[in-house]
(Lines give C-alpha, C1' and ligand atoms only; values in the text may rest on other atoms or scores of the structure.)
Protein backbone atom coordinates (compact mmCIF):
# COMPACT_ATOMS: atom_id res chain seq x y z
CA UNK A 1 0.00 0.00 0.00
CA UNK A 2 1.45 3.38 -1.04
CA UNK A 3 1.84 6.24 1.34
CA UNK A 4 0.49 9.69 0.62
CA UNK A 5 2.91 12.58 0.43
CA UNK A 6 2.50 15.11 3.17
CA UNK A 7 2.59 18.78 2.19
CA UNK A 8 3.82 21.65 4.29
CA UNK A 9 2.71 25.25 4.00
CA UNK A 10 5.32 27.88 3.13
CA UNK A 11 4.74 29.49 6.54
CA UNK A 12 5.55 26.23 8.29
CA UNK A 13 8.76 25.81 6.28
CA UNK A 14 9.91 29.36 7.05
CA UNK A 15 9.28 28.93 10.78
CA UNK A 16 11.11 25.59 10.85
CA UNK A 17 14.13 27.03 9.02
CA UNK A 18 14.19 30.07 11.32
CA UNK A 19 14.16 27.78 14.34
CA UNK A 20 17.16 25.80 13.07
CA UNK A 21 19.17 28.86 12.03
CA UNK A 22 18.39 31.03 15.08
CA UNK A 23 19.23 28.33 17.64
CA UNK A 24 22.18 26.79 15.80
CA UNK A 25 21.04 23.30 16.72
CA UNK A 26 21.15 20.52 14.10
CA UNK A 27 18.02 19.95 12.05
CA UNK A 28 17.54 16.45 13.52
CA UNK A 29 17.17 17.76 17.05
CA UNK A 30 14.55 20.29 15.95
CA UNK A 31 12.69 17.65 14.03
CA UNK A 32 12.08 15.70 17.18
CA UNK A 33 11.05 18.77 19.15
CA UNK A 34 9.13 20.72 16.49
CA UNK A 35 7.91 18.65 13.59
CA UNK A 36 7.17 15.18 12.37
CA UNK A 37 8.93 15.88 9.11
CA UNK A 38 11.91 13.77 8.24
CA UNK A 39 15.34 15.06 9.13
CA UNK A 40 16.35 15.17 5.47
CA UNK A 41 13.36 17.36 4.60
CA UNK A 42 14.16 19.97 7.21
CA UNK A 43 17.83 19.79 6.32
CA UNK A 44 16.98 20.37 2.65
CA UNK A 45 14.87 23.42 3.55
CA UNK A 46 17.77 24.85 5.56
CA UNK A 47 20.27 24.09 2.75
CA UNK A 48 18.02 25.79 0.17
CA UNK A 49 17.71 28.83 2.42
CA UNK A 50 21.47 29.05 2.93
CA UNK A 51 22.10 28.58 -0.81
CA UNK A 52 19.74 31.46 -1.59
CA UNK A 53 21.53 33.63 0.96
CA UNK A 54 24.97 32.76 -0.44
CA UNK A 55 23.79 33.41 -3.98
CA UNK A 56 22.97 36.98 -3.11
CA UNK A 57 19.23 36.39 -3.07
CA UNK A 58 17.76 38.49 -0.31
CA UNK A 59 15.40 36.70 2.06
CA UNK A 60 11.88 38.03 2.30
CA UNK A 61 10.85 39.81 5.44
CA UNK A 62 7.78 38.53 7.25
CA UNK A 63 5.64 41.33 5.83
CA UNK A 64 6.93 40.70 2.30
CA UNK A 65 6.27 36.99 2.69
CA UNK A 66 2.75 37.64 3.99
CA UNK A 67 2.11 39.96 1.05
CA UNK A 68 3.44 37.33 -1.37
CA UNK A 69 1.04 34.75 0.07
CA UNK A 70 -1.85 37.21 -0.13
CA UNK A 71 -1.04 38.06 -3.75
CA UNK A 72 -0.78 34.38 -4.69
CA UNK A 73 -4.20 33.76 -3.15
CA UNK A 74 -5.65 36.78 -4.96
CA UNK A 75 -4.13 35.54 -8.21
CA UNK A 76 -5.71 32.12 -7.74
CA UNK A 77 -9.09 33.74 -7.02
CA UNK A 78 -8.81 35.89 -10.14
CA UNK A 79 -7.94 32.86 -12.26
CA UNK A 80 -11.01 31.09 -10.91
CA UNK A 81 -13.20 34.12 -11.67
CA UNK A 82 -11.75 34.33 -15.18
CA UNK A 83 -12.52 30.66 -15.83
CA UNK A 84 -16.07 31.11 -14.60
CA UNK A 85 -16.60 34.18 -16.77
CA UNK A 86 -15.26 32.38 -19.84
CA UNK A 87 -17.70 29.53 -19.30
CA UNK A 88 -20.56 31.94 -18.67
CA UNK A 89 -19.81 33.89 -21.86
CA UNK A 90 -19.84 30.67 -23.89
CA UNK A 91 -23.14 29.67 -22.30
CA UNK A 92 -24.79 33.03 -23.02
CA UNK A 93 -23.41 33.11 -26.56
CA UNK A 94 -25.01 29.72 -27.20
CA UNK A 95 -28.28 30.88 -25.65
CA UNK A 96 -28.28 33.97 -27.87
CA UNK A 97 -27.62 31.94 -31.01
CA UNK A 98 -30.38 29.46 -30.04
CA UNK A 99 -32.81 32.33 -29.54
CA UNK A 100 -31.89 33.88 -32.89
CA UNK A 101 -32.37 30.52 -34.65
CA UNK A 102 -35.83 30.07 -33.10
CA UNK A 103 -36.90 33.60 -34.14
CA UNK A 104 -35.90 33.10 -37.78
CA UNK A 105 -38.02 29.94 -38.09
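The values are calculated or read from the model by the stated rules, or taken from the named source; none is laboratory data. Being a predicted model, the structure only gives us computed values, none of them experimental. Counting neighbours? That spans all protein chains shown, and the Cβs are built from the backbone with ideal geometry, glycine included.
Quick look at the values:
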| item | result |
| --- | --- |
| Residue 71, sole failed condition from (1) exposed (fewer than 10 other Cβ atoms within 10 Å of the Cβ); (2) under 30 Å from residue 19 (Cα atoms); (3) not assigned by TED's automatic domain parsing to the domain that holds residue 12 | (1) |
| Candidate set from the range 34-79 (those that are in contact with a helix residue (DSSP H, G or I) (Cβ under 8 Å, 6 or more places away or on another chain) and assigned to a loop (DSSP other than H, G, I, E, B)); member that is modelled with the highest pLDDT | 60 |
| Breaking point among (1) part of a helix (DSSP H, G or I); (2) modelled with pLDDT of 70 or more; (3) touching a helix residue (DSSP H, G or I) at 6+ places or on another chain (Cβ under 7 Å), for residue 31 | (2) |
